[in-house]
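Here the structure is laid out as structure tokens; the discussion comes afterwards.
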Amino acid sequence: MDVWVPQRFDPTTASSAAVGRIAAEVIRIEGPIHQDEVARRVTTLSGLRRTGNRIQRRVLQGLHWAQSNGLVLRDGPFYAPYPSSPCIPRDRSNVESLGLKDPAMLPPEELGVCLLWALEHHVGLSVEEAVVEALRLLGFKRTGSGIRDAFDKPLRGLLADGRLVLRGESLYLGEG
């Protein structure tokens, strides 16, 4: 990741603005991204090894600063750059950070884009088939219940806004 960090940057003593600017740059490059992953990136960029409670707390304060100053958008524990750009799904098959494969760390926006992609390339998939196709796009080979459950919120949102339609047992692209 190509983020400039001042030499000897210590996120535990830096101002909220300084931490927030670095966090916003991480989000600009990797967003949408979970706040815990942002904290890990700030830790690594600082030359530190462990993201402890103090760093986590300072990063959350920095994220709050970045959001208040219009640099990032927040959706629960996930952050995206502002102004927003289209979410592009990322292949996680070769990532080193286990957090990027944790179902709780998968941004609902990215999962929704993957579901839409699956339905753009296949007509009339069952929910299970759409999830499997979406997971393939993300580089996952297995579909455990935890990862399938992560699709619940984005699927409900896409159905509610009409971008997906459920007819019988099959999903189709909607008009929304």
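From the list Pro81, Pro103, Pro108, Pro86, exactly one residue is surrounded by 13 or more Cβ atoms within 10 Å (Cβ to Cβ) and either touching a Cys at 6+ places or on another chain (Cβ under 8 Å) or farther than 22 Å from Arg142 by Cα (or both). Which is it?
Working: Pro103 fails: either touching a Cys at 6+ places or on another chain (Cβ under 8 Å) or farther than 22 Å from Arg142 by Cα (or both); Pro108 fails: either touching a Cys at 6+ places or on another chain (Cβ under 8 Å) or farther than 22 Å from Arg142 by Cα (or both); Pro86 fails: surrounded by 13 or more Cβ atoms within 10 Å (Cβ to Cβ).
Of the residues listed, the single one that is surrounded by 13 or more Cβ atoms within 10 Å (Cβ to Cβ) and either touching a Cys at 6+ places or on another chain (Cβ under 8 Å) or farther than 22 Å from Arg142 by Cα (or both) is Pro81.
Name every residue in region 111-134 that is of a type in the set (A, V, I, L, M), out of contact with any Cys (no Cβ under 7 Å at 6 or more places or on another chain) and closer than 24 Å to Arg74 by Cα, in order of residue number. Before you say what the answer is, go through the steps one by one.
Here is the first cut: in region 111-134, the residues of a type in the set (A, V, I, L, M) are 111, 113, 115-116, 118-119, 123, 125, 127, 130-132, 134.
Still in the running and out of contact with any Cys (no Cβ under 7 Å at 6 or more places or on another chain): 111, 115-116, 118-119, 123, 125, 127, 130-132.
Answer for region 111-134, where residues must be of a type in the set (A, V, I, L, M), out of contact with any Cys (no Cβ under 7 Å at 6 or more places or on another chain) and closer than 24 Å to Arg74 by Cα: Leu111, Leu115, Leu116.
Go through region 6-52 and give me each residue that's of a type in the set (Lys, Arg) and either on the phi > 0 side of the Ramachandran plot or not in a loop (DSSP other than H, G, I, E, B) (or both). Please lay out each step first, then the result.
The first filter runs over region 6-52 and keeps only residues of a type in the set (Lys, Arg), leaving 8, 21, 28, 40-41, 49-50.
Correct list: Arg8, Arg21, Arg28, Arg40, Arg41.
Do we find that Leu135 is within 12 Å of the chain's Cα centre (by Cα), at pLDDT below 95 and open to solvent by less than 60 Å² (accessible area, probe 1.4 Å) in this structure? Quick ask: steps written out before the conclusion?
Working: within 12 Å of the chain's Cα centre (by Cα): no; at pLDDT below 95: yes; open to solvent by less than 60 Å² (accessible area, probe 1.4 Å): yes.
No, not satisfied.
Can you tell me which of Val113, Val72, Val42 is closer than 30 Å to Val127 by Cα and β-branched (Val, Ile, Thr)? Working first, answer last.
On the way: Val72 fails: closer than 30 Å to Val127 by Cα; Val42 fails: closer than 30 Å to Val127 by Cα.
Exactly one residue qualifies, and that residue is Val113.
List pairs: first in region 35-59 and closer than 15 Å to Leu100 by Cα, second in a helix (DSSP H, G or I) and of a type outside the set (A, V, I, L, M), Cβ under 8 Å, 6+ apart or cross-chain?
Asp36/Gln56; Asp36/Gly99; Glu37/Glu30; Glu37/Gly99; Ala39/Gln56; Arg40/Gly99; Arg41/Glu30
How many of the residues making up region 138-155 are under 16 Å from Trp117 (Cα atoms) and either of a type in the set (Phe, Trp, Tyr) or surrounded by fewer than 18 Cβ atoms within 10 Å (Cβ to Cβ) (or both)? First the steps, then the outcome.
Here is the first cut: in region 138-155, the residues under 16 Å from Trp117 (Cα atoms) are 138-140, 151, 154-155.
Retained after the next criterion (residues that are either of a type in the set (Phe, Trp, Tyr) or surrounded by fewer than 18 Cβ atoms within 10 Å (Cβ to Cβ) (or both)): 139-140, 151.
Residues meeting the conditions: 3.
I need the full set of residues from region 62-78 which are crowded, with 18+ Cβ neighbours inside 10 Å and in contact with a helix residue (DSSP H, G or I) (Cβ under 6 Å, 6 or more places away or on another chain), in order please.
Matches in region 62-78: Gly62, Leu63, Trp65, Ala66, Leu71, Val72.
Identify all residues within region 96-116 that are in contact (Cβ under 8 Å) with a residue 12 or more places away in the chain and out of contact with any Pro (no Cβ under 7 Å at 6 or more places or on another chain); write none if there are none. Explain how you work it out, then say what you get.
First pass over region 96-116, keeping only residues in contact (Cβ under 8 Å) with a residue 12 or more places away in the chain: 97, 99-101, 103-116.
The answer is Ser97, Gly99, Leu100, Lys101, Pro103, Ala104, Met105, Leu106, Leu116.
Within region 113-124, is there a residue that is open to solvent by 90 Å² or more (accessible area, probe 1.4 Å), more than 21 Å from Ser170 (Cβ to Cβ) and among the hydrophobic types (A, V, I, L, M, F, W, C)? Walk me through how you get there before you give the answer.
Initial filter on region 113-124 (open to solvent by 90 Å² or more (accessible area, probe 1.4 Å)): 120-121, 123.
Checking which are more than 21 Å from Ser170 (Cβ to Cβ) leaves us with none.
No: zero hits.
Tally time: how many residues in region 32-47 are in contact with a Pro (Cβ under 8 Å, 6 or more places away or on another chain) and of a type in the set (Gly, Ala, Ser)?
1
The values are calculated or read from the model by the stated rules, or taken from the named source; none is laboratory data. Values in this document were obtained by computation on a predicted structure and should not be read as measured data. Note that each Cβ is placed from the backbone with ideal geometry, even for glycine, and that neighbours are counted across all protein chains shown. What goes into the accessible areas is simple: the full protein's heavy atoms, side chains included, and nothing from ligands, DNA or RNA. Shrake-Rupley method; radii C 1.70, N 1.55, O 1.52, S 1.80 Å.
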